[in-house]
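**Q** Please see the structure below; I have some questions.
The values are calculated or read from the model by the stated rules, or taken from the named source; none is laboratory data. These numbers were taken from a predicted model, which means no experiment stands behind them. Note that each Cβ is placed from the backbone with ideal geometry, even for glycine, and that neighbours are counted across all protein chains shown. These area figures cover heavy atoms from the full protein model, side chains too; ligands, DNA and RNA do not enter into them. Shrake-Rupley method; radii C 1.70, N 1.55, O 1.52, S 1.80 Å.
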Amino acid sequence: MTSPVAQAPAPTSGEASQFDSSNTRKQWQVIARRFFRHKAAVFGLVLFVLLVLFAFLGGALWKYSYTDLGFRRYLPPSADHPFGTDRLGGDMVAQLIRGTQFSLQIAMVVALLSTVVGVVLGSLAGYLGGWVDTLISRFIDLLLVIPGLVIAAVLVRNSFVVSVAGGSGGSNWVIVALYLGLIGWLSIARVIRGMVLSLREKEFIEAARALGASTWRIVFRHILPNTVDVIVVNATLAIAQAVLLEAALSFLGLGVQSPDTSLGLMISLNKNELTLHPWLFFTTFTFIVLISLSVNFIGDGLRDAFDPRQRRVKA
């Protein structure tokens, strides 16, 4: 007679919760190791942190303020003014600190707003389907036909005209950021919709639906956590896209208006000095390129770290 096989007792809810928490921590540790072994991503992260520190702490450390306009105009780069002075006699380092700060603020607001709107609309379109999916998808297709720069230019221009007519002195960086965010959600919404379409047929979603979970709970509690990798990567890349789009808009004179400023507005103001005083243009242009490259390197590293099929970067 064979003896019965002893079975291990089922884990309690506390043990199961501890096991899930341990697995989650281990997964994030693997992702972090993959990211920090990606040399370009680490370089991009260090560069981006330095740019943020330059923008938000540089004003307190640098000897000149952006309001100091008493220097001789168009001084070339020197020990006292490493990036020279501009057409108003302002120190370019101080002006770049202020411009970089505004550009980063705009980029962060745009990335946050476009990610939230895109994730919510994309997940609802993918999960609910039917007329909701059709309405959101056709609206996205309609907006994608028109270049985002044109839409943003029209919105910001109309806002500027209304603001001037009302005597408030023009638009500011918040208005520009809001408008750019409201047109920047299209791509992430399409990506999230496609992922939700595949996830909504999984067994764990069917189980949650059978247990009576509401639509909002299923979407935000069970589906979206499984798309966090795509959300994080797209939110990161949205920062670089926002910097470039804002710079293009301000370069055309339709973006940020004085007394606010940005790197794009600084390029617009100095575009006629390219031949006579090139440092005014190229220093600002270099900062835009550095922000864009650093964020793109970070995005590439996050994509490779989150992708379980990635073999270039070992865990």
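**Q** For residue 143 and residue 286, calculate 0.36 nm times their separation in residues minus their Cα-Cα distance, and state this gained length in nm to one decimal.
**A** Value of the extension gain: 48.3 nm.
**Q** Please calculate the 1.4 Å probe accessible area of residue 179, with all protein chains present, and give it to the nearest 10 Å².
**A** Counting only protein heavy atoms, the figure is 60 Å².
**Q** What residues of the stretch 177-215 lie in the reach of a label at residue 229, counting those whose backbone N is under 19 Å from a point 7 Å from the Cα along Cα→Cβ?
**A** Under 19 Å, as judged by backbone N against the label point of residue 229, lie 188-205 of the stretch 177-215.
**Q** While we're on this one: Rolling a 1.4 Å sphere over the protein heavy atoms, what is the accessible area per residue of the stretch 76-217, to the nearest Å²?
**A** Each residue of the stretch 76-217 exposes 48 Å² on average to a 1.4 Å probe.
**Q** Kindly identify the stretch 47-113 as rounded, prolate or oblate by the Cα gyration tensor criterion: order the square roots of the eigenvalues as a ≥ b ≥ c, call it rounded if a/c is under 1.5, otherwise compare a/b with b/c, prolate if a/b is larger, else oblate.
**A** In terms of gyration-tensor shape, prolate.
**Q** Taking all protein chains as present, what is the carbon and sulfur share of the accessible area of the chain, in % to the nearest whole number, probe 1.4 Å?
**A** 65
**Q** Quick test of the membrane-span-like rule: which DSSP H helices of the chain reach at least 18 Å along their long axis (C-alpha atoms) with mean Kyte hydropathy at least 0.0?
**A** Helices meeting the criterion: 39-61, 92-128, 130-145, 148-165, 186-199, 228-251, 278-306.
**Q** Quick check for the chain: number of Lys pairs with alpha-carbon distance under 27 Å, counting only pairs 8 or more apart or on different chains?
**A** So the count of such lysine pairs works out to 5.
**Q** If you work out Kirkwood radius over Cα pairs in Å from the coordinates, which of (1) 22.5; (2) 23.4; (3) 20.0 do you get?
**A** Matching the structure shown: (1).
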